[in-house]
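Asker: Take this structure, written in structure tokens, and hold onto it; I'll ask about it next.
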Amino acid sequence: MENNEVLKNMNSRFSCRRFKPDAVEKEKLEAVIEAAKHAASGHNLQAWHFTVISTEQGKKELLGAVGPEPEQFKKLAPKGATWPHPSDFYGAPVVIMISYDPNAPWPEAGVFLAAGNIMNAANALGLGTCCLTVFSNDVFNTEDTARSKSKFIPDGYKLYVSMVLGYPAAVPAKRPERRDDVVSWL
Ligand SMILES: Cc1cc2nc3c(=O)[nH]c(=O)nc-3n(C[C@H](O)[C@H](O)[C@H](O)COP(=O)(O)O)c2cc1C
């Protein structure tokens, strides 16, 4: 099994937290999103939406749309930086926001399968990814931001998770250990 390329790819994925500034080719972004669209979803409703932001202006607008600086960002801000500041993208050129229709059956499960496909497809293409919890429901789904968020999320949808993507500037020397106590074989 250890020579299987798909398994090798899945087992080598890592959360990338330092990116090169290089732009990511459109074909690669399209391939990654195509993989996301092939994830399983409840009743095959595919009730997800992927917002791909690959311009500096787009990222700036995203930060602006969040509203007042959320507490989570304050911890991450570079010294002296004023809000909005792009400190939480780890230097990645691309941000992908994954939102879902909350009225679909088991929508969160579907979006996370899609997120997994994005991460594995990106890794196969030499790209790094990292989920960002700071760009999830709690900072973006408030009534106050409803108007400004509409550019990023379809009407009635909720943001589930955001992810940064780009060419890794660094690969962790040691990957986090995997637990052995999480499986029962019957
Ligand atoms: C739902 C979810 C949210 C995450 N949020 C963050 C985050 O906000 N910032 C971050 O640096 N990493 C985040 N991560 C990455 C995890 O810390 C990482 O997956 C874990 O430490 C295992 O490391 P690996 O992905 O390199 O295998 C998140 C991962 C998931 C699945």
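Asker: For a quick check: with amide H placed at 1.01 Å from N, whose amide H comes under 5 Å from Arg18's, ignoring anything fewer than 5 positions away on the same chain?
Answerer: The answer is Ala169, Ala170.
Asker: Please find the FRET efficiency linking Lys151 to Asp22, where r is the Cβ-Cβ separation and R0 is fixed at 25 Å, and quote it to the nearest 0.05. Walk me through the intermediate numbers first.
Answerer: Numbers: r = 26 Å, r/R0 = 1.03.
The value I calculate is 0.45.
Asker: Separate question: Which pairs in the list Lys26/Lys75; Lys59/Lys79; Lys20/Lys79; Lys26/Lys74 are over 31 Å apart, alpha-carbon to alpha-carbon?
Answerer: Those over the limit are Lys26/Lys75; Lys26/Lys74.
Asker: Another question, then. Place a +1 charge on the Cβ of each Lys and Arg in the stretch 1-87 and a -1 charge on the Cβ of each Asp and Glu, then give the dipole magnitude about the Cα centre in debye, rounded to the nearest 20. Let's see the in-between values first.
Answerer: Working: 13 positive and 11 negative charges, 83 e Å.
Computed charge dipole of the stretch 1-87: roughly 400 debye.
Asker: Find which of Phe14, Ala31, Met1 sits farthest along the positive direction of the dipole of the stretch 1-61, computed with +1 on the beta-carbon of Lys and Arg, -1 on that of Asp and Glu, about the Cα centre.
Answerer: The residue sitting farthest along the positive end of the dipole is Phe14.
Asker: How would you order 177-183, 102-108 from highest to lowest mean count of nearby Cβ atoms within 10 Å?
Answerer: Numbers: 177-183: 6.1, 102-108: 14.4.
Packing proxy ranking, top to bottom: 102-108, 177-183.
Asker: Which order do peptides 29-35, 2-8 fall in by mean Cβ count within 10 Å, highest first? Spell out each step's value before the answer.
Answerer: Details: 29-35: 17.3, 2-8: 9.0.
Result, highest mean first: 29-35, 2-8.
Asker: Just how large is the dipole of the chain about the Cα centre, in debye to the nearest 20, putting +1 at every Lys and Arg Cβ and -1 at every Asp and Glu Cβ?
Answerer: Numbers: 21 positive and 21 negative charges, 107 e Å.
Charge dipole, the chain, about its Cα centre: 520 debye, nearest 20.
Asker: Same structure, new question: Roughly how much of Tyr160 is accessible, in Å² to the nearest 10, using a 1.4 Å probe?
Answerer: 70
Asker: Taking a probe of 1.4 angstrom, what is the accessible area of His43 in Å², to the nearest 10?
Answerer: Accessible area, nearest 10 Å²: 140 Å².
Asker: For the chain, what is one quarter of the convex hull surface built on the Cα atoms, given in nm²? Don't skip to the end; give the middle numbers.
Answerer: On the way: hull surface 52.0 nm².
Averaged projected hull area, Cα only: 13.0 nm².
Asker: Using each residue's phi in the stretch 57-71, evaluate 6.51 cos²θ - 1.76 cosθ + 1.60 at θ = phi - 60° and report the 3J(HN,Hα) Karplus result to the nearest Hz, with x for Gly and Pro.
Answerer: 4, x, 5, 5, 5, 4, 4, x, 6, 5, x, x, 4, x, 3
Asker: For the stretch 108-125, in order, what is each residue's ³J(HN,Hα) by Karplus, 6.51 cos²θ - 1.76 cosθ + 1.60 with θ = phi - 60°, in whole Hz (x at glycine and Pro)?
Answerer: Computed from phi, the couplings for the stretch 108-125 are 5, 4, x, 5, 6, 5, 5, 4, x, 4, 4, 5, 6, 5, 4, 4, 5, 9 Hz.
Asker: So what is the 222 nm mean residue ellipticity for the chain from helices alone, if each DSSP H run of at least 4 adds -39500 (n - 2.57) and you divide by all residues, rounding to the nearest 500 deg cm²/dmol?
Answerer: Result for the chain, helices only: -9500 deg cm²/dmol.
The values are calculated or read from the model by the stated rules, or taken from the named source; none is laboratory data. Worth saying up front: this structure is predicted, and the values here are computed from it rather than measured. As a convention, Cβ positions derive from the backbone with ideal geometry for all residues, glycine included, and neighbour counts pool all protein chains shown. The accessibility values were calculated without ligands, DNA or RNA, using every heavy atom of the protein model including side chains. Shrake-Rupley method; radii C 1.70, N 1.55, O 1.52, S 1.80 Å.
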